[in-house]
Amino acid sequence: MAQINDHYRKLRAGYLFPEIGRRVRAFQEANPGAKLIRLGIGDVTLPLAPAVVEAMRRAVEEMGTAAGFRGYPPDQGEPFLVEAIRRFDYGARGVEVAADEIFVSDGSKQDSGNIQEIFAQDVRVAVTDPVYPVYVDTNVMAGRTGAPGEDGRFPGILYLAGTRENGFTPPPPAPGAADVAYLCSPNNPTGAVMTRARLAAWVEWAQASDAVLIFDAAYDAFIRDPALPRSIYEVPGARRCAIEMRSFSKRAGFTGVRCAYTVIPRELTGKAASGERVPLRELWARRQATKFNGVPYVVQRAAEAVFSADGRKQTGQQIEHYMENARVLRAGLGSAGFEVFGGEHAPYLWLATPGRIASWDFFDSLLTRCHVVGTPGAGFGAAGEGFLRLSAFNSRENVEEALGRIRHELGR
């Protein structure tokens, strides 16, 4: 008999977003005439930029010729895309990253879930709470956990609470308290962004603890203040202790196109059972070559176009649209008496529930009374209880209508 991986049974009965979908479907079936405005799941709504569409069209036509057809792409990504990443994402910020340290993939969600495979099963993992669920769930699937407690937390994972008091960017734990730590800045779900000093403190902790930081910078393009770091490699010493992940999903509307990349510096190492120091880049390269056949050529040409002059201008305008949505929501909800965080350097707003009511109760109230879909903070971890995430990914018309409904039904 094939025995299952029992660690899967330790996960919550339903992943956060399927549970939201279930509740929304039930409401729609009971209220077929209701016009829902979805500010929950962080999916983009604007069409692909013209420069991206044109690049994809040209690439498709090229693939339709004998001379231009291509099969499997290079393991780590097409050189033209890798060089564009080096120049515009790193060189422009004064950061040097080598071509063979960049691994192009089909999404940061996949990368952030798969990266744990290169570490031993008994490594101690730290996450900031509230947390993007993939960080926790994939480590649970791999067996890095004990039985969950009543609050859903797993004792094999160290949770660092993000609170009002620490600006939702918790400081590092005690030296040696964890071997691997996941960081996300700008943060999903809170919208908080780490200052250079806070990020430097994490790098210092990782070096003192011989630990590895997994830095998720999927929302770096939404940072408004040029003084704030967009890459962890802007901090001295980070190349010796950090892996960085970035995505085209939100910065260029690629949620349905799929392209991202992970950077692992050559000098970053981990310890083998024998005590030998092993480059993590080599492990990830082997993992990708074994389990992944690369991102389609057409998609990589589309990603390259994001860095063109027209692409930067057009995708920049899209980001400005979403961030103006965030500003409108933040200002409007604040004037209606809500306590609002985020929305300044990220497309997410972190809304304190009125009267500290439970997150799922506020979600249901928002759905039934305002016909607006948010994301309950409790779905992101115990520290998310009492909050709700709203997304700025929508049309201005919908954002303003949703704001009007919320202010009318729930404002103070």
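The values are calculated or read from the model by the stated rules, or taken from the named source; none is laboratory data. All values reported here derive from a predicted model rather than from experimental measurement. Here the Cβ positions follow ideal geometry from the backbone for every residue, glycine too, while neighbour counts run over all protein chains shown. Just the protein is used for accessible areas: all its heavy atoms, side chains included, with ligands, DNA and RNA removed. Shrake-Rupley method; radii C 1.70, N 1.55, O 1.52, S 1.80 Å.
Take the alpha carbon gyration tensor of the stretch 1-138, find the square roots of its eigenvalues, order them as a ≥ b ≥ c, and report rounded if a/c is under 1.5; if not, report prolate when a/b exceeds b/c, else oblate. Since a/c reaches 1.5 but b/c is at least a/b, the shape of the stretch 1-138 is classed as oblate. Taking every DSSP helix (H) stretch of at least 4 residues in the chain, weighting each as -39,500 (n - 2.57) and dividing the sum by the residue count yields a mean residue ellipticity at 222 nm of -11000 deg cm²/dmol. For ALA382 and ASP75, the FRET efficiency from 1/(1 + (r/R0)^6), where r spans their Cβ atoms and R0 equals 51 Å, is about 0.80. Taking a ≥ b ≥ c as the square roots of the eigenvalues of the alpha carbon gyration tensor, the stretch 261-358 is oblate, as a/c is not under 1.5 and a/b does not beat b/c. The simple Förster model, with R0 at 56 Å and r as the Cβ-Cβ distance, assigns ARG224 and ALA2 a FRET efficiency of 0.60. Our estimate of slack between GLU320 and ASN31, defined as 0.36 nm per intervening residue step minus the Cα-Cα distance, is 100.6 nm. What the stretch 240-326 shows is 40 Å² of accessible area per residue, with the surface traced by a 1.4 Å probe over protein heavy atoms. The packing ranking, built from the mean of other Cβ atoms within 10 Å per residue, places the peptides 209-221, 76-88, 30-42, 257-269 in the order 209-221, 257-269, 76-88, 30-42, highest first. Just to verify a number: FRET efficiency for ARG153 and ARG356, C-beta to C-beta distance, R0 = 25 Å, to 0.05? Computed FRET efficiency for ARG153 and ARG356 comes out at 0.80. Projecting the Cα positions of LEU280, ALA200, ALA331 onto the charge dipole of the chain (unit charges on Cβ atoms of Lys, Arg, Asp and Glu, taken about the Cα centre) puts ALA331 furthest along the positive direction. For the chain, modelled as a GNM whose springs connect Cα atoms under 10 angstrom apart, the maximal fluctuation among ASN188, ASN398, ASN293 occurs at ASN293. Modelled label positions at ARG240 and GLU165, each set 7 Å beyond Cα in the direction of Cβ, lie 3.3 nm from each other.
Once backbone amide H atoms are built at 1.01 Å from N, SER105 has ALA260, TYR261, THR262 as its partners under 5 Å, excluding neighbours fewer than 5 places away on the same chain.
Extension gain for ALA174 to ARG266 (0.36 nm times residue separation, less C-alpha to C-alpha distance): 30.4 nm. Length gained on full extension, GLU62 to ARG9, computed as 0.36 nm times the residue gap minus the Cα-Cα distance: 14.4 nm.
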